[in-house]
Structure formats: structure tokens, C-alpha cells
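Structure record follows, encoded as C-alpha cells.
The values are calculated or read from the model by the stated rules, or taken from the named source; none is laboratory data. In this text the structure is predicted, and so the values were computed from the model without any measurement. Methodologically, a virtual Cβ is constructed for each residue, glycine included, from the backbone with ideal geometry; neighbour enumeration extends over all protein chains shown. The accessibility values were calculated without ligands, DNA or RNA, using every heavy atom of the protein model including side chains. Shrake-Rupley method; radii C 1.70, N 1.55, O 1.52, S 1.80 Å.
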Amino acid sequence: MKQYGVLVVDDSAFMRRAISLMLEEDPRFFVIGIARNGVEAVEKVNRLKPDLVTMDVEMPEMNGISALDQIMKTNPVPVVMISSRTQDGAQETLQALSLGAVDFFLKDNLIRNRNGENQSKEFIERLSGILETKWSYSLPIEQSHENDNNEENYLKQKESAEPIKPQQNADMVLIGCSTGGPKALQTILPNFPKNFPVPIVVAQHMPPGFTKHLADRFNSLCQMEVKEVQNNQEVKAGTIFICPSGYQTRFEKKEDTIVFKVDNHDDGQELYKPSIDLTLSSAAPIFKDRLLSVILTGMGVDGTKGCGLVKQFRGKVFVEAEDTCIVYGMPRAVMEAGYADRQYELSRMYKEITANV
């Protein structure tokens, strides 16, 4: 059995101990070292060469964001952020994901959930899922455009994107993702021109409150307008809609208009809010063969049942290829169920989506 060395970074002795105990209960992991702040983290990543780092966001001397930035520039390694549920925590977490962090976990969920139990099992499984894939690091989108000289030139380049061909093969693109999703979305979404002829709806697994910040961040990066979905909002072309975390998002047809229905109702069997399965299952009978479903990186099987219904209504299903997934869980489940029409590496996904719209 392969063992993975983890560097635990946190200024709290309690959290360092709690995370270390969770790791040491699983034979796949061992704690290769601990660090109390970002300065120590950067030094120990360089010296100890861990397989993975758990990184607290708020620390003295150097915080987790600055440490992550330095690590990714000098010794890239998978980093999972340990963040808070506050507004600042959500913004910092999304910044960390844009800088190269592969995932994040809420600190209070590691201590206890609403039932008084911690989520150590899920935490360990997510870490192992990350380590068992072919992790690779790519520059954040902001840094990948350094050759454009400045932001103004980059924005001009975005404005000059080719217009989309007038004929359409789809009326909506629905993207589902989980672990590694924000980074994958950052590779795809900013490429769509503002005149893209159909709406794009994104169901990303995140804790409640985080998707509003995700939408705001992508609105600053994308040519299309990006919004968090609101109840009874009309589904319109030229917009990227982010399904709100903590709620279920469905579609409803009212005469010639299609609107979002956002609520807390499900059948009690759904693990996630938003549930990709529920969102796809409501979209398939409305959009039928003019729905393109895209399943990106993520742990578990959410989206498989929904993609099955998409295929019943003759829609298309694309999945992300294993080589570029942070966790090849959800795409694998769709592939093995026989519902995927094609699988593509992330670098090709934008081109293939536009070719099929």
C-alpha cells in the first residue's frame, strides 16, 4: 500500500493535533511534519517534499494565501485549504483555489457538524481521491495572461472574440462539478464570448454562502455576465448562472418562458445542495435533445442519474477525461454507466462545447 506524507499547517495546536489524528487513523497517510505559520510551511515544503499539504488560511507572520502562492511558484504540491465559514473566509478560499489549491474544507466541519459529529471520513476520502489522481499544476488565469502586458490589453483581446455561428444545436449548457471544480471552471468559463447564444448553468458542490462569492469572482473574469441563480429568475442566453449552495435548483416552463425554481425540497436521498442529478433531471424533459450536459472533476456519482435522463431525451453528455481531473469520480461514473457521448481533456472542453452549440 502506498503511503502519503502530509504536512499539516495551522497556527492552532488543537487543529494541528485534530487533523494529525484523523490522518494517522488511516494507513494510507502519515504526518511528515507540522508548521505553525506560512513561513514555516514554505520552508518545510521545500525541505520535506510532502505529497500533500493541509493549509490554514488565517495565520501570523505569513497567512495561508501568501504561503500557497509561494509554494505554487517554487515547489508545486497539492494543497487543501482549511477555511472558515465567514464571508472573508469564503473570499479567501476562492482566492486560494484560483492560486492553485485543489480543494478546501471548512474548519468547523472537521470539528463537528450539525449533529455533533465530525466529517473526518469525508475529509480523508477527499484527500485520498486527490492523491490517487494525476495531479498537475497550471498557472492561474490572471498569471497565464502576463504576456498580454496588462489588464487593458487582455480585456481588449476578450472583446474581440469571434462571434458564435448563428445556427444552434443546443438551447442550454449545464455543467456539473465538485472537487477541483472551481479551477476547472476557471479554465473554461472566461473563454465564452459575451454573445454566446445560450445560457450556461453551473452546479458546483460548495458549502452554503460560497457560491455568491464564486459568481462574483467569475463575473470579474468572464466576458459573459455571471449571476447566482434567484428563484423565479428567467433563464436567458448570454448569462452564466451559478446554482446557489444550500438549495436545490430546478427548471420550470411557464408558457414561452423557462424559469429557475430554487428551494430546499428534495426526496431526502440527495447528498448535495445543489444536486446535479436534480438539476439535470428537471432540465432534460424541458430542453430534450437541445441540452448539452458537461460533467467535470469531482468525487462521487452525482450527475450520473441525471445524465441518464438527458440521454433518454436524446441530449448530449460530455465528461472531463481522467488525465485532467483533480478527482476522476463523477466523470468516471457517467462513463461507466454508458451515458457519455465523449470525454475530453479540460484544454479541449471549451472548443468542443462551442462546436456543439
Counting only residues that are within 13 Å of Leu174 (Cα to Cα) and of a type outside the set (A, V, I, L, M, F, W, C), the stretch 290-313 contains a total of 4
Checked pairs for the stretch 191-207, first at pLDDT 95 or above, second basic (Lys, Arg), C-beta under 7 Å and 6 or more apart or across chains, list as Pro199/Lys236
Residue among Gly306, Gly300 that alone is of a type in the set (Gly, Ala, Ser) and not in a helix (DSSP H, G or I): Gly300
What are the residues in the stretch 241-257 that are part of a loop (DSSP other than H, G, I, E, B) and modelled with pLDDT under 90, if any? Glu255, Asp256
Quick one: would you say Arg36 is open to solvent by 10 Å² or more (accessible area, probe 1.4 Å) and free of Cβ contacts under 8 Å to residues at least 12 places away in the same chain? no
Positions within the stretch 258-275 being in a loop (DSSP other than H, G, I, E, B), surrounded by 10 or more Cβ atoms within 10 Å (Cβ to Cβ) and at pLDDT 85 or above, in sequence order: Tyr272, Lys273, Pro274, Ser275
Strands (runs of 3 or more DSSP E) wholly inside the stretch 3-88 containing at least 2 residues that are out of contact with any Ser or Thr (no Cβ under 7 Å at 6 or more places or on another chain): 4-9, 29-35, 52-56
Going by the conditions given, is Tyr339 touching a strand residue (DSSP E or B) at 6+ places or on another chain (Cβ under 8 Å) and either open to solvent by 30 Å² or more (accessible area, probe 1.4 Å) or without any contact (Cβ under 8 Å) to a residue 24 or more places away in the chain (or both)? yes
Does Asp56 satisfy the condition of being acidic (Asp, Glu) and open to solvent by less than 50 Å² (accessible area, probe 1.4 Å)? yes
All positions within the stretch 222-240 that are in contact (Cβ under 8 Å) with a residue 40 or more places away in the chain, among the aliphatic types (A, V, I, L, M) and part of a strand (DSSP E or B): Ile240
